[in-house]
Amino acid sequence: SGAEGFIIPRSSLYEILLELIPTEKILRGKRVLSFVQGEGGVQVKCADGSVHESDILVGADGTYSAVRQNLYERLKKEGKLSVADQKPAMFNCVCLTAQTYPLDPVQFPELSEPGCHYNNIVAQNKPYSWMTFTGKDNIVCWSVIQYLNKETSELNDSFRSTDWGSGLAEAMCREVQHFPIPGGNGKLTLADLIVNTPRDQIAKVTLEEKVFESWYGGRTVLLGNAVHKFHPAGGEGALCSLYDAVSLANWINVLDSNTIAGLDVIFKEYVDERLPPARAALIQSRNMANMYSRTFKASMARFVSRNMPDFLWKTKLAKSAADRAQAAFLPLIQDSGTVPPLFQPSLHKTLAILEAQAAAKKAKEDAAATSTTTSTTSTASSGISSVSGTTTATVPVNTQQTQTYVDYHHQAPVVSSSASSIHNLPPAPFAPTLSSSSTSSLSAHVHTPQHHHHYSSSFTGVQQPSSSSLAVSPYGATTTARAVPL
């Protein structure tokens, strides 16, 4: 792919991402209770009594998503929720996941070696597998998976209402602490890792597996574990969630309508791109999980994996390295890999939209500039002149009439006025709309795709004759308007 792979604790990844977000944009300790939405927007109610309003609600709140539950209640009432989406996610495994304090490389020699050591151990006589991998700063990340039968599934079903909680991990730690791990003097066990792991860094989770079919409705859209959950053996969960975020952000960036109908268009594009890979990731993760079970088929799969020919291994790597999402609104990363990236619809489609928007804007500006130049030249005898970036409209007037002029910066709108009808420019998209009233005031409303500004100036004088007109050329949204009595 042109980039190296790195092992990073998820908590460190969180810190990196949070550092890039202004702190005032993050509200902590919020628990969503419900929300209502309509053409005017979406309103979210939280457990602390606070209410938050916006145009779009993105439910990225995990496996037990409150946003999804509220959305599905509405879709069910409207008859738009499939039977499959009304069923809970199934699970066949529970997992301990943790990361240690910095450890002593003398006791854990793998820490002193370059690269990451990844070990996956499958028990022959117990329904468990466990893994360790070394990280930077002498940290070891470790996890234990328990494969459930009907009886143990019922026992573990009681804590599914919480996601990534740490309160129920102690009992499982006691059950698995004697399991051996590689390295050291051959006597290391999981207990050596458990005692060196902060308790708030150990969590017991259910490993649900499901891809939901309904990803959006109205102004609400879901991503990540809120709509797909995979067994971690495939390493697909966080990856797919990040890809969801990039795709959705790309489409929101080119949104040109704040109506529900406009949102429906971009949400559909997002789901069309991300739902098929999510389904494929579910299958891949299940296959990888089955590799670590105790069946004969799994034993054969592990044997093939350990003895895979080099060309097959490279083919597998090439397939996984080809999926590389990029944000269309950020500087693009130069592709330097030997494997060409797969087509990313949200990247290429939204890039085309952005390029078309830029080209259309430039064409309008060029046409407006040409029209203004022509009009100025043809009316030179009327007293219109241009000096040092300031266009001044002058007309023969008596002492009761008024002269107005507009200073413009960065190609601002040019406004000219006279007592007789002068050059009327055709209306252009995003052009200012002007009004003149008997109170002798001039106001300009400037509409652009990014801005809505209102400028106003008042001056002393008399109402101009009804034959007067205002000519406008749209060059931007930054202007200073002044009226000077003669």
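The values are calculated or read from the model by the stated rules, or taken from the named source; none is laboratory data. For clarity, every value in this text was computed on a predicted model and none was experimentally measured. Every residue, glycine among them, receives a Cβ derived from its backbone with ideal geometry; neighbour counts consider all protein chains shown. Areas reflect the complete protein model, heavy atoms only, side chains present, ligands, DNA and RNA absent. Shrake-Rupley method; radii C 1.70, N 1.55, O 1.52, S 1.80 Å.
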Self-check item: Count - residues of the range 65-87 that are closer than 18 Å to VAL32 by Cα and among the charged types (D, E, K, R)
Solution: 3
Practice problem: Any residue in the range 75-96 that's in a loop (DSSP other than H, G, I, E, B): show its pairings with residues that are open to solvent by 70 Å² or more (accessible area, probe 1.4 Å) at Cβ separation under 7 Å, as long as the two are six or more apart or on different chains. | Solution: SER82/GLU213
Quiz prompt | Count - residues of the range 225-258 that are open to solvent by 10 Å² or more (accessible area, probe 1.4 Å), charged (D, E, K, R) and closer than 21 Å to THR350 by Cα | solution = 1
Quiz item: What pairs come up if the first residue lies in the range 354-373 and is within 22 Å of LEU332 (Cα to Cα) and in a helix (DSSP H, G or I), the second is acidic (Asp, Glu) and open to solvent by 60 Å² or more (accessible area, probe 1.4 Å), and their beta carbons are under 7 Å apart, counting only those six or more places apart or on different chains?
Solution: none
Exercise. Kindly indicate which of LEU282, LEU222 is more than 17 Å from the chain's Cα centre (by Cα), open to solvent by less than 60 Å² (accessible area, probe 1.4 Å) and within 29 Å of SER11 (Cβ to Cβ).
Key: LEU282
Practice problem: Hand me the list of strands (runs of 3 or more DSSP E) wholly inside the range 19-74 holding 3 or more residues that are in contact (Cβ under 8 Å) with a residue 60 or more places away in the chain. | Solution: 32-38, 57-59
Self-check item: Filtered residues of the range 192-219 (kept if out of contact with any helix residue (DSSP H, G or I) (no Cβ under 7 Å at 6 or more places or on another chain), part of a loop (DSSP other than H, G, I, E, B) and either crowded, with 21+ Cβ neighbours inside 10 Å or touching a residue at least 24 places away in the same chain (Cβ under 8 Å) (or both))
Solution: ASN196, THR197, PRO198
Quiz item: Could you say which residue among ALA278, ALA327 is among the hydrophobic types (A, V, I, L, M, F, W, C), in contact with a helix residue (DSSP H, G or I) (Cβ under 8 Å, 6 or more places away or on another chain), in a helix (DSSP H, G or I) and in contact (Cβ under 8 Å) with a residue 60 or more places away in the chain?
Solution: ALA278
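Somewhere in the range 174-191, is a residue open to solvent by 20 Å² or more (accessible area, probe 1.4 Å), modelled with pLDDT of 85 or more, touching a Ser or Thr at 6+ places or on another chain (Cβ under 6 Å) and not hydrophobic (A, V, I, L, M, F, W, C)? Don't jump to the end; show me each part of the working.
Taking the range 174-191 as the starting set, the residues that turn out to be open to solvent by 20 Å² or more (accessible area, probe 1.4 Å) are 174-175, 177-178, 180, 182-187, 189, 191.
Checking which are modelled with pLDDT of 85 or more leaves us with 174-175, 177-178, 180, 182, 187, 189, 191.
Checking which are touching a Ser or Thr at 6+ places or on another chain (Cβ under 6 Å) leaves us with 178, 180.
Next, only the ones that are not hydrophobic (A, V, I, L, M, F, W, C) stay: 178, 180.
Yes, the conditions are met somewhere in the range 174-191.
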Quiz item: VAL32: exposed (fewer than 10 other Cβ atoms within 10 Å of the Cβ), over 21 Å from ILE266 (Cβ atoms) and over 19 Å from the mean Cα position of the chain (by Cα), yes or no?
Solution: no
Quiz item: Which one of the conditions (1) in contact (Cβ under 8 Å) with a residue 12 or more places away in the chain; (2) more than 13 Å from VAL58 (Cβ to Cβ); (3) out of contact with any His (no Cβ under 7 Å at 6 or more places or on another chain) does CYS240 fail to meet, given that it meets all the rest?
Solution: (3)
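Which count do you get for residues in the range 61-92 that are under 23 Å from the mean Cα position of the chain (by Cα) and either of a type in the set (Ser, Thr, Tyr) or more than 28 Å from LEU148 (Cα to Cα) (or both)? First the steps, then the outcome.
Going through the range 61-92, the residues under 23 Å from the mean Cα position of the chain (by Cα) turn out to be 61-72.
Subsequent filtering for residues that are either of a type in the set (Ser, Thr, Tyr) or more than 28 Å from LEU148 (Cα to Cα) (or both) retains 63-65, 67, 70-72.
Summing the residues that are under 23 Å from the mean Cα position of the chain (by Cα) and either of a type in the set (Ser, Thr, Tyr) or more than 28 Å from LEU148 (Cα to Cα) (or both) in the range 61-92 gives 7.
Taking SER241, is it assigned to a helix (DSSP H, G or I), at pLDDT 90 or above, hydroxyl-bearing (Ser, Thr, Tyr) and out of contact with any Pro (no Cβ under 8 Å at 6 or more places or on another chain)? Steps first, please.
Numbers: assigned to a helix (DSSP H, G or I): yes; at pLDDT 90 or above: yes; hydroxyl-bearing (Ser, Thr, Tyr): yes; out of contact with any Pro (no Cβ under 8 Å at 6 or more places or on another chain): yes.
Yes.
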Practice problem: Output the residue which, of all residues in the range 272-329 that are farther than 30 Å from THR350 by Cβ and of a type in the set (Gly, Ala, Ser), is modelled with the lowest pLDDT. | Solution: SER293
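ARG294 - would you say it is over 16 Å from GLU208 (Cβ atoms), touching a residue at least 40 places away in the same chain (Cβ under 8 Å) and outside any helix (DSSP H, G or I)? Full working, then the answer.
Values: over 16 Å from GLU208 (Cβ atoms): yes; touching a residue at least 40 places away in the same chain (Cβ under 8 Å): yes; outside any helix (DSSP H, G or I): yes.
It is true that ARG294 is over 16 Å from GLU208 (Cβ atoms), touching a residue at least 40 places away in the same chain (Cβ under 8 Å) and outside any helix (DSSP H, G or I).
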Self-check item: Every residue from the range 58-109 that is open to solvent by 90 Å² or more (accessible area, probe 1.4 Å) and of a type in the set (A, V, I, L, M, F, W, C)
Solution: VAL83, MET90, VAL106
Quiz item: Which numbered condition trips up VAL395, out of (1) modelled with pLDDT of 90 or more; (2) assigned to a loop (DSSP other than H, G, I, E, B); (3) among the hydrophobic types (A, V, I, L, M, F, W, C)?
Solution: (1)
Exercise. Find the residue count for the range 301-311, including only residues that are closer than 15 Å to ASN287 by Cβ and open to solvent by 90 Å² or more (accessible area, probe 1.4 Å).
Key: 0
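Scan the range 35-57 for residues that are among the polar types (S, T, N, Q), open to solvent by less than 40 Å² (accessible area, probe 1.4 Å) and either in contact with a Phe, Trp or Tyr (Cβ under 7 Å, 6 or more places away or on another chain) or closer than 24 Å to SER247 by Cα (or both) and jot them down. It would help to see each step written out before you state the result.
Let us first name the residues in the range 35-57 that are among the polar types (S, T, N, Q), namely 37, 43, 50, 54.
Next, from what is left, pick out any that are open to solvent by less than 40 Å² (accessible area, probe 1.4 Å): 37, 50.
GLN37, the sole residue that qualifies.
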